Every structure is written in structure tokens, then in C-alpha cells.
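The values are calculated or read from the model by the stated rules, or taken from the named source; none is laboratory data. As the structure is a prediction and not an experimental result, all values here were calculated from the model. When we count neighbours, we look across all protein chains shown, and the Cβ atoms used for this are built from the backbone with ideal geometry, even at glycine.
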Amino acid sequence: MHEARRTDGTLHLVGVICGLTAGAWLGAAEAPTKLVTAGISPFLISLGMVAGVFVARWTLPVAIKGTSYVWLDLKDKPHLAVWAVLAGMLWAVANTLTVFAIRNVGLSVAFPLWNTNSLVGLFWGWLLFNELRDAGRGQWLKVLGGTAAIVIGAMLLAWATAHQPPDPRHSAAMGVAAALAAGLLWGTMYIPYRKAYISGMNPLSFVTVFTVGELATCLVLAAAFHGGMTPMFNELAGIRPAMFWLFLGGFCWVLGDLFQQYAAKYIGIGRGIPLSNTNQLWGLAWGALVFGEFAALGGTARGLIIAGSLVMAAGAAAISLAAAPEAERSSWRKAMRRECERYHLDPARVEEALRGGDPLAGTAPARRWWEFLVVGLAIGVFVWLGLQAERQPIAVDTFWLAVLATASLGALLGGGWLLWRKTGFS
């Protein structure tokens, strides 16, 4: 299936489209974190989003591939379960930091700052997984030029915070620090991502275990900073009218992250992550157009934020367009064989998975009736929360909300169709 269409050029295109689609949905996922400006604790916001993530991560793989498929994949590579949990823990801490960053400096500014994770991911991809090895001078120039652009753009955005109206309650410097720390953790989180995919694991299987680390870490953080489990659950009950929006943000994040995982699989973390970091432009659009974050800023600050975002986007584009030549792909295969030798994996099966095939196709048992029940229960949770949802005290431009939501849905349908058509979600 799909064998004739899986050329290196096709896989690069799939990775690029997945990265762009990830950017749209990762950007939309951060919109509900604006609830921090309504006085809700950053830890409860992060926990609410992760609860939505947990529901979505267990149901989407079931809906697309089935529980038996996921179990067989995990059983074939049990060592990757620990790495998936570790990645989830790193994500949970980073996500909590981003909520603090949004509270202190706003969505439009915080987004590009934590997207310095592309620099961290680029370094780890080169050091640990042979990305850019033997790539040639032209590819290196694109990547290094893009890296320099990302750094310059981040500096412009950090400088722009000095022009925002002062808020005596929160420190802009702490907001910048929180965003950069989140970028460091998220950049490191991509090590388990790439380790999983050069071992032949399906992204749908990886994220199922990933969410265990996410939820456990967020529970610990929220309980520690709210005086225990009982006070935490009491506060959660108090924000029930806002939980639907947090769950929805978590669901959007899962969709974005799935496409980001496929981008990392097919074009590497050094290219895939900067491409998915086009979410900075989506975050800029949500913050400026939907929430009116530019309303109180002067012309200088607006110019710095827009210029910084464009420079960072250009840098990400330069990196992502540096398609891996055959010599570099040979270096990738060396990293793959190293993992196969270390964990006693079948190189032929792993190679097939890396080229868009599915070694487990046809081996998983038929879907069971209770799998449809799981999906139905997940939908029921969202419906139940939606019936209790209330409009929050945050100014929203409904016209731009509809425009951005429609554009995100279009990206999802287009990217999902291409991924299914060329790889069958493998």
C-alpha cells in the first residue's frame, strides 16, 4: 500500500505539510491560556489543558488505528515507553511555564520566545541523530542562516516587552525567562521523539504513552502549589464553567502535536520543529486579532513584534527548505542502525517504517466493540463540559475568531488527507 508513491521527495513534502499543519493547531491550542488574565491559576489552566490532552490522546489513536495496533507497536519496542513518559513530563513543565509567560508578557510576545526550542532541537538532532551530517555546504548555510534569523527575531521580541505598558502585578522579565525556559525544555523533549521514530514506532503509539507523563506531572505541580489534592480539586470545581475551553485547547494541541510528530519522523527534528514553529504567526494572529493584544501598544512596540515574528518565520522557512540529500540520509540510517543494534530491533522493519510503510499492517486483530465506546465516552465528556461552559470575562473579536478557526480546519483537512494518502498514518 502506498509503496509506489513513497519517494524521498514525497516524504519531504509530507513532512513539510505536516509541520505547517502542526503550526496552525499548536497556535490555536494556546488561545484558551488567555484565561490566566481572568485570574485562573496557571497550574489549573495547565492541568485542565492536559486533561483534555489525555482524553484526546487515548481516543484519536483508537479511532485511527485501534487499541490492538497500538499495543502491538508498544510491545515490539517496550524500551520506548520510558522515553515517552519522560517526554510527557518535560512537556508538562514547559506548558506550565508558557502560561506564566502569557500572563506576564502576552500571547503575541511569548509565542516566538518559547519557539527558540527549534535551536535546541536543531542541536540535539545534529549531535545525537546525525542530522545535517554530510549535508553539504548549501544545506548548512540554509540551516545556519535560519538559526541566526531565529535568534535575531527572539531578541527583537524580547526588546519589545520593554515598550509594553507597565503592569505592577507581573514582571515582564520573568515572563521572558519563563518563555525561554519553556523553549529549552520543549527543545530537549524532541530527543525522545526522534529516538522513537528512528526505531520505527508509529507516532500514534508514542503519544498514547506520552500522555501518562503529562498528566502525572501536571497533577503533581497543581497539587504542590495549591496545598494538596483536596484544595486543588475544590478550585477545579470552582472553574468548571471554563473547563470546556481548556479541554478544547488540549484537544487542539493534540492535533497539532500529532502532525508535529509526523514532521519529526519524516524530515527530522532539525527541520520539522522549526517548520511547526510557524505557530508563532498563528499565535500572533490569535493574540492581536482575536484578543486585541496590540491595542495598548505604541507604534515602536508593534513594529518590533511584527518584525521579530517575520524574521523568525523566515529563519524557520530557510531551515525547513533544506531538504536532506542522499548523503545525509545515509547518516540518518547509521543512527537508525545504532538504535537497532542497541535494542535488538529488525533493521528491515524499521527502514520500512521510516519510508512511510507500516510493518504492522494486517497483523493487529479487528477492532473490538468497546473501542467505539471509548470514543463515544470521550465525545460525551466534551458535550457535558460544553453544556456547562460560560463565556469568560475576556474581550474576543468573533469575526476574526471565525476566520482563524476556519483556516485551521482547512489546514487539518488538507494535511490529514495528504498524510493518509501517502502513508496511511504510518
Flagged in the stretch 61-80 as part of a helix (DSSP H, G or I) and either crowded, with 20+ Cβ neighbours inside 10 Å or at positive phi (or both), in numbering order, are PRO61, VAL62, TYR69, VAL70, ASP73, LEU80
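For the stretch 301-309, check the following and say yes or no: at least one residue is closer than 27 Å to ASN279 by Cα and among the hydroxyl-bearing types (Ser, Thr, Tyr).
yes
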Given the criteria surrounded by 18 or more Cβ atoms within 10 Å (Cβ to Cβ), at pLDDT below 90 and in contact with a helix residue (DSSP H, G or I) (Cβ under 8 Å, 6 or more places away or on another chain), does ALA182 qualify? no
Going by the structure shown, is ALA322 at pLDDT below 85, surrounded by 14 or more Cβ atoms within 10 Å (Cβ to Cβ) and either in contact with a Lys or Arg (Cβ under 7 Å, 6 or more places away or on another chain) or part of a helix (DSSP H, G or I) (or both)? yes
With surrounded by fewer than 24 Cβ atoms within 10 Å (Cβ to Cβ), touching a Phe, Trp or Tyr at 6+ places or on another chain (Cβ under 9 Å), touching a residue at least 60 places away in the same chain (Cβ under 8 Å) and assigned to a helix (DSSP H, G or I) as the only criterion, which of TRP91, TRP83 stands out? TRP83
Unmet requirement for VAL212, which otherwise passes all of (1) surrounded by 22 or more Cβ atoms within 10 Å (Cβ to Cβ); (2) closer than 30 Å to ARG338 by Cβ; (3) at pLDDT below 90: (1)
Quick one: how many residues across the stretch 7-64 are touching a helix residue (DSSP H, G or I) at 6+ places or on another chain (Cβ under 7 Å), of a type in the set (Val, Ile, Thr) and over 20 Å from PRO274 (Cα atoms)? 11
Scan the stretch 41-89 for residues that are among the acidic types (Asp, Glu) and farther than 20 Å from SER426 by Cβ and report the count. 0
Scanning the stretch 113-129 for residues that are under 19 Å from ALA177 (Cβ atoms) and either in a loop (DSSP other than H, G, I, E, B) or not hydroxyl-bearing (Ser, Thr, Tyr) (or both) gives LEU113, TRP114, ASN115, THR116, ASN117, LEU119, VAL120
Of everything in the stretch 254-302 that's more than 19 Å from ALA402 (Cα to Cα) and among the charged types (D, E, K, R), which residue is farthest from the chain's Cα centre (by Cα)? ARG302
For MET189, all conditions in the list (1) at pLDDT 85 or above; (2) surrounded by 21 or more Cβ atoms within 10 Å (Cβ to Cβ); (3) over 20 Å from the mean Cα position of the chain (by Cα) hold save one; what is the number of the exception? (3)
Which pairs have Cβ atoms under 7 Å, sit 6 or more apart or on different chains, and link a residue in the stretch 295-311 that is under 13 Å from ALA154 (Cβ atoms) and modelled with pLDDT under 80 to one that is surrounded by fewer than 19 Cβ atoms within 10 Å (Cβ to Cβ) and small (Gly, Ala, Ser)? none
Selection within the stretch 335-365 - touching a residue at least 24 places away in the same chain (Cβ under 8 Å) and basic (Lys, Arg): ARG349, ARG355
Condition check: without any contact (Cβ under 8 Å) to a residue 12 or more places away in the chain and at negative phi. Does PHE382 satisfy that? no
Among residues belonging to the stretch 29-47 that are part of a helix (DSSP H, G or I) and in contact with a Cys (Cβ under 9 Å, 6 or more places away or on another chain), point out the one that is surrounded by the fewest Cβ atoms within 10 Å (Cβ to Cβ). PHE43
Report yes if some residue within the stretch 226-244 is within 30 Å of VAL151 (Cβ to Cβ), out of contact with any strand residue (DSSP E or B) (no Cβ under 9 Å at 6 or more places or on another chain) and small (Gly, Ala, Ser); otherwise report no. no
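The rows are residues; the columns are (1) under 20 Å from THR116 (Cα atoms); (2) in contact (Cβ under 8 Å) with a residue 12 or more places away in the chain; (3) among the aliphatic types (A, V, I, L, M).
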position	(1), (2), (3)
PRO241	no, yes, no
TRP253	yes, yes, no
GLY270	yes, yes, no
ILE273	yes, yes, yes
LEU284	yes, yes, yes
ALA288	no, yes, yes
